[in-house]
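*Asks:* Sharing a structure below in structure tokens format, with a few things to ask.
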Amino acid sequence: MVTGLKALKRNQYGKDFICNTMQLVHDELKPDHFYIAYFNKTGTQATSLAYYINGNKKVSNISYMLDDIPCRKVLESGAIYLLSSQAHLIYPKDKLLVEYGFEAYLGIPIFSQHDDVIGILVCLFDQPITLVPAQFDWCEGIGHQLGSELQYLALLAEQKLLLSEMESSQRVAKLGNWQWYVQTNTITWSQEVYRIYEIDHQLAPSLKLVQEYIHPEDRERVIHFMDNIIESSHSSYNIIYRILLPTGKIKYIRNESTIFKDDNGNTILVRGIVQDITEFYHLSSELSKTSNKLHVTYNAIIEGVWEYHFLSDKKITSPKIWDLLKVDSAKVNTFHEWISIVHKDERKAVIKAFKNIKDNTSQSFSFEFRKNPYLVNDDLSECWFKCEGRVVDADTFGKNKKIAGVLTDITDSISTIQQLNLAKTVFDNTSECIVITDSCNNIVTVNKSFEEVTGYKKDDVVGKNPSILSSGMHDKSFYENMWHSVENTGQWKGQLYNRRKNGHVYPEEMSINKIEDDNHEVVNYVGVFHDVSLRQQTERKLRFYANNDALTTLMNRRCFSEMVEKEVVFVNDNKTDASCYQEFSILFIDLDDFKAINDLYGHSVGDKLLKNIAATLLKYCDDDTLVCRYGGDEFAILLKGSSSFEAKKYAENLMVALLKPIYIDTIKLDITISIGISTYPESGLTHLDLLKNADYAMYEQKRKGRNGISIYDGKLQAEYLRQLRLKDRLIKAISENKIQVYYQPIIDIETGKVCKFEALTRWFDEEEGYISPVIFIKMAEKYGLIGELGKIVFDKSCRDLADIRQQGFTDICISINRSVREFSSCDQKYIYDIIERYNLPFDKIMIEITESAALDEGNNILELLSEFSQKGISIAIDDFGTGYSSMSAIIANKPNVIKIDRSFIIDIEHSVESQILVSLVMDMSRKLNLDVVAEGVESEAQVRILSKMGCHYIQGFHFSPAVEFKQAMRLLEQNEICTIPAYV
């Protein structure tokens, strides 16, 4: 069989060989269907060259893919593949097997000269088959014999297909190709050229024929152009012109050619294409018109139109886009630059919207955004935009490629919405009640405050007349006047009474406004009101508390002051009326030690006590008596028509009433009061003077010892005022450092020389001159000035001692008095700083304290004095013997010096008792190893007596009063200032 096949190939080739071979296959294997096919170069597709059914050839061939079919196995293995049975079940995706239900399949590979599988011979059987070995050998031989012929026929088939596709493409594109051999002046062209020119296929192509068809208006231009091109150095040309067909039809032709020249530059060949662009030309014209219309539309519409390509990151926009955004379009070229226009708060949402489109999770979007404030130039207002877009193009895989949409400026809309939201928020949340009616005065809507105040829900009143709220307290004329004002002026304001749903009548302040449209037709009436019940109650309370004390409900200070002023005016206006009284009195009452009651029992008890006293005072009131709580624990009473004598009687009765025990929450309180009385006109002519003088009289009683009555005395007040003015001048003197220090020498009784100075404070007032230390020191203690005064005296004393030491008097000590109040008012540690500042030895400073101060342990004096002693500062007990516990003072304080008070020295010459007392002090001092200074020595006799008693130091006018520092220096410079008899 194989030998016969080889002989057949020697005598035949091509289609004849294939045809005879297929007949041999049928005779040998008896297949129901069989065909021969070649594979494409990629091995993915097979195309048949001859297909037979029951030995007869079909006119058409088949082409199929090689996925999941047995032919794929033949291609990959290069071997015969036999499926003896159930082939259509084994390969369910093979359409041919399944469609015909073939039981058996035989695939024979066809090889090229290089043993590559280039095709296949397929035999299909309706019934199962088997092959003997000889048949297998024959099949292998035929596969090699068919190779060259199959390869040749496949090539011819592909060329034919290619030509067919090319002609088809030219037909679709209306494009034909041509060649002009210039030297022989012959032209060839494709079939499409005949169709374009609508020329009979029997006519031979020629240049003359083509030129005859050129439109007369274009012919000269085109021929001249082509002649010039051929003669020129150009290698190609492209020209568009019209042709006029015999039928009168006009076509637009595009002629594009390439020019080939020989070595001498002569044109030998022109090859090109000719294309019918008539439809394109008309379409382009229409598109141009449409484009112009679209351009006008782009610029006319308020929206900006845009288009964005994901792959190229390119945008297409209408000019309106940039007008809206007020951004230079040249500066926005990429998606990133476009996104930078968006406000940072909306940027994330915008990016997400575009990402969803790009990722195919969405096909459209709509979002709102603000413009980036950094890109805002002159206009500082916030701009809002709305961007809408949808997918308009996708690739073959369905992936979104292009999106288009519009951009709208919604700033005005957003502003309107914000205003409406704000108005709604105000409407819903304002404390004012709002009711809106239509032009017929039927309720359209109400707000929440309306519901809360009236008790009516919105559904209860919509569609009804506001008269449902009427209280019945206003007559017909009231409402007529109200609506007359609304209709003629557009509004009404006033107060009226309305009724709640529960029947309670309440006052309200209301305004009604008429709302009209552009045609001045009434659209709505708007009523705004608020319940003034609480306000009226509050106003009543405020009026009450403006005139009355909150705790006791008595008249308050302001109101009482006004009443006194009116009383002064009344009496002055009725001086000539004998029937009217000509005087009245004011009582100022203060509870003694009220603070102690508050501190001991608490303010609640104190408040109840004040209310109790107020009630007692009211019991003693008549129509001509006014009672006031003036402030704190002070009360005031106005007694109309009462003289000072009558006022005192009245005050005595009050004191008797208030002396009775008062019980507050089981607490028994025994109180006393101090009362001051002023009377018009003897105590003052104005209400201010009367109140002030009654107050002064009350404080005068406090100074006297409380629990009593004091009538204003002008002389006492004058002295009091003088004291106050003197205090002010003392403050000024201290602040201006006008306090002086004088020095009184202390004499050593053995040597007769000055050994110490006592620093004594002196003040020379600008108005009153010398002020006694007894007065101003007491005043400084009373008003808290003693601490600063003490610092000044101590500093000046130390400064002067430093000067004394510089003059060579290094043994001199300074004795400085300290008030008991100084120890409690300020820290005494500054003493060390001053001593160290002037570089003084501590043992040259002596601190004098009174006997009473030495025993005041409450001020930690003992601890401080002990610290002074440890530093080396001497301690002296001043005015020794004037206190009650002189010995206690010595034992407790362990002083270095005791100073005998001058009261014991004055009578020492004549009083045996004084001599005994002084002698006892001397004996005690010797036993306790204390120095003694006798103060107030004024005579030679006193010096002699004290010398005999063994007194160590003497001080007094007998030697020198306190003098200025310069005089004190002169005393030191004298060798001897007195003669003291020798003590035997």
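*Asks:* For Ile240, work out the one condition from (1) in contact (Cβ under 8 Å) with a residue 24 or more places away in the chain; (2) among the aliphatic types (A, V, I, L, M); (3) open to solvent by less than 30 Å² (accessible area, probe 1.4 Å) it doesn't fulfil.
*Replies:* Among (1) in contact (Cβ under 8 Å) with a residue 24 or more places away in the chain; (2) among the aliphatic types (A, V, I, L, M); (3) open to solvent by less than 30 Å² (accessible area, probe 1.4 Å), the lone unmet condition for Ile240 is (3).
*Asks:* OK, next. I'd like the full set of residues that are of a type outside the set (D, E, K, R), open to solvent by less than 30 Å² (accessible area, probe 1.4 Å) and closer than 30 Å to Val943 by Cα, limited to the stretch 752-770.
*Replies:* Scanning the stretch 752-770 gives Gly752, Val754, Cys755, Phe757, Ala759, Thr761.
*Asks:* So, of the residues in the stretch 175-211 that are in contact with an Asp or Glu (Cβ under 8 Å, 6 or more places away or on another chain) and free of Cβ contacts under 8 Å to residues at least 40 places away in the same chain, which turns out to be surrounded by the fewest Cβ atoms within 10 Å (Cβ to Cβ)?
*Replies:* Gln191
*Asks:* Where in the stretch 696-799 are the strands (runs of 3 or more DSSP E), entirely inside, with at least 3 residues that are over 26 Å from Ser644 (Cα atoms) and assigned by the TED database to the domain that holds Val943?
*Replies:* 740-748, 754-765, 769-771
*Asks:* Considering only the stretch 603-615, state which residues are open to solvent by less than 20 Å² (accessible area, probe 1.4 Å) and under 18 Å from Thr553 (Cβ atoms).
*Replies:* Gly606, Leu609, Leu610, Ile613, Ala614, listed by residue number.
*Asks:* Which one of these is more than 19 Å from Leu551 (Cβ to Cβ) and surrounded by fewer than 21 Cβ atoms within 10 Å (Cβ to Cβ): Leu618, Leu600, Leu639, Leu626?
*Replies:* Leu600
*Asks:* Kindly provide the set of residues from the stretch 523-575 that are among the small types (Gly, Ala, Ser) and either surrounded by fewer than 13 Cβ atoms within 10 Å (Cβ to Cβ) or part of a strand (DSSP E or B) (or both), ordered by number.
*Replies:* Result: Gly527, Ala546, Ala550.
*Asks:* Now, a different point. Mind listing whichever residues of the stretch 52-74 are more than 14 Å from Gly119 (Cα to Cα) and in a strand (DSSP E or B)?
*Replies:* Tyr52, Ile53, Asn56, Lys57 - these are the residues of the stretch 52-74 that are more than 14 Å from Gly119 (Cα to Cα) and in a strand (DSSP E or B).
*Asks:* Given the condition at pLDDT below 90, open to solvent by less than 60 Å² (accessible area, probe 1.4 Å) and either in contact with a Leu (Cβ under 6 Å, 6 or more places away or on another chain) or under 30 Å from Ile835 (Cα atoms) (or both), answer yes or no: does some residue in the stretch 905-925 qualify?
*Replies:* yes
*Asks:* Cβ-Cβ distance below 7 Å, separation of 6 or more or different chains: which pairs start in the stretch 491-510 with a residue that is among the small types (Gly, Ala, Ser) and end on one that is part of a strand (DSSP E or B)?
*Replies:* Gly494/Met510
*Asks:* Given the options Ile677, Ile664, Ile711, name the one that is within 18 Å of Gly631 (Cα to Cα) and out of contact with any Asp or Glu (no Cβ under 9 Å at 6 or more places or on another chain).
*Replies:* Of Ile677, Ile664, Ile711, the one residue that is within 18 Å of Gly631 (Cα to Cα) and out of contact with any Asp or Glu (no Cβ under 9 Å at 6 or more places or on another chain) is Ile677.
*Asks:* Please find, within the stretch 304-353, the residue that is most open to solvent (accessible area, probe 1.4 Å) out of those that are in a loop (DSSP other than H, G, I, E, B) and either basic (Lys, Arg) or in contact with a strand residue (DSSP E or B) (Cβ under 7 Å, 6 or more places away or on another chain) (or both).
*Replies:* Taking the candidates together, the pick is Leu311.
*Asks:* One residue is enough: does the stretch 643-663 have a residue meeting the conditions at pLDDT 90 or above, in a strand (DSSP E or B) and open to solvent by 80 Å² or more (accessible area, probe 1.4 Å)?
*Replies:* Scanning the stretch 643-663 turns up at least one residue that is at pLDDT 90 or above, in a strand (DSSP E or B) and open to solvent by 80 Å² or more (accessible area, probe 1.4 Å).
The values are calculated or read from the model by the stated rules, or taken from the named source; none is laboratory data. Quick caveat: nothing in here was measured; it's all calculated off a predicted structure. All Cβ positions, even for glycine, are placed from backbone atoms using ideal geometry, and neighbour counts span all protein chains on display. The protein model used for the area step is the full one, side chains on, heavy atoms only, and it has no ligands, DNA or RNA in it. Shrake-Rupley method; radii C 1.70, N 1.55, O 1.52, S 1.80 Å.
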